[in-house]
1. If you line up the Cα atoms of the stretch 2-59 on their principal axes, what length do they span on each, largest first, in Å?
2. On a 0 to 90° scale, report how tilted helix 20-37 is relative to the longest principal axis of the chain, with both axes built from alpha carbons and the result rounded to the nearest 10.
3. For the residue pair ALA82 and ALA48, what label-to-label distance in nm results when each label sits 7 Å from Cα along the Cα-to-beta-carbon direction?
4. Which pairs break 20 Å Cα to Cα here: LYS72/LYS118; LYS51/LYS115; LYS51/LYS90?
5. Cα atoms only: what Rg and Dmax, in Å, come out for the chain?
6. List the chymotrypsin sites (Phe, Trp or Tyr not before Pro) in the stretch 30-126 that DSSP assigns to loop (not H, G, I, E or B) and whose Cβ has at most 15 other Cβ atoms within 10 Å. Which are they?
7. Quote the FRET efficiency, to the nearest 0.05, computed for ILE36 versus ASN9 with a Förster distance R0 of 22 Å and r equal to the Cβ-Cβ distance.
8. Tell me what the chain gives for mean residue ellipticity at 222 nm when only DSSP H runs of n ≥ 4 count, each as -39,500 (n - 2.57), the sum divided by the residue total, rounded to 500 deg cm²/dmol.
Amino acid sequence: MALGQSLINYCILAWGGVCSSFLIPLERAQRGVLKIALNKPMRYSTTALYKETGVLSVRRLYIMRVAVSVHKSVLISGEYEAMLKKIIFKLPVPARLSTFSHRFAVFPFPHIYNKLVKICKFKHCSAKETKSHE
């Protein structure tokens, strides 16, 4: 499982934001490898499989890596203290000029981070503590 997870984790920030049609075969392969490694039947529940193994799905791994990466850059930036004083802790999201530009990390990273900050409340956490807020 460690080998498979590290292969999926490799450069996921670069390719993780692709269309879901490209991620579906990778997610199927991940589930298949987990079921074979744990000697589970092929019709075994995916939700139960991920809970049992503690492995993140490809999409959740991408979201976790985005959150940690953006949070590290926010902590380093000089604007962090000013952002803490605001009522709403939110990163500015750049304007989207085209559908093609939507795929670049400049747009989805702050967007994903802003959604997660509302749910997880990790604005006062260190980068290491951010990982535990799945």
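1. Between the extreme Cα coordinates on each principal axis of the stretch 2-59 lie 32, 23, 16 Å.
2. So the inclination is approximately 50 degrees.
3. Calculated label separation equals 5.3 nm.
4. Values: LYS72/LYS118 17 Å; LYS51/LYS115 23 Å; LYS51/LYS90 31 Å.
Flagged as over cut-off: LYS51/LYS115; LYS51/LYS90.
5. 16.9, 53
6. Within the stretch 30-126, the qualifying chymotrypsin sites (Phe, Trp or Tyr not before Pro) (loop, at most 15 other Cβ atoms within 10 Å) are TYR44, PHE100, PHE104.
7. Efficiency at R0 = 22 Å is approximately 0.65.
8. -18000 deg cm²/dmol
All of the numbers you see were taken from the coordinates with simple rules; none came from a lab. On a predicted model such as this, the values are computed, not experimentally measured, just so you know. Methodologically, a virtual Cβ is constructed for each residue, glycine included, from the backbone with ideal geometry; neighbour enumeration extends over all protein chains shown.
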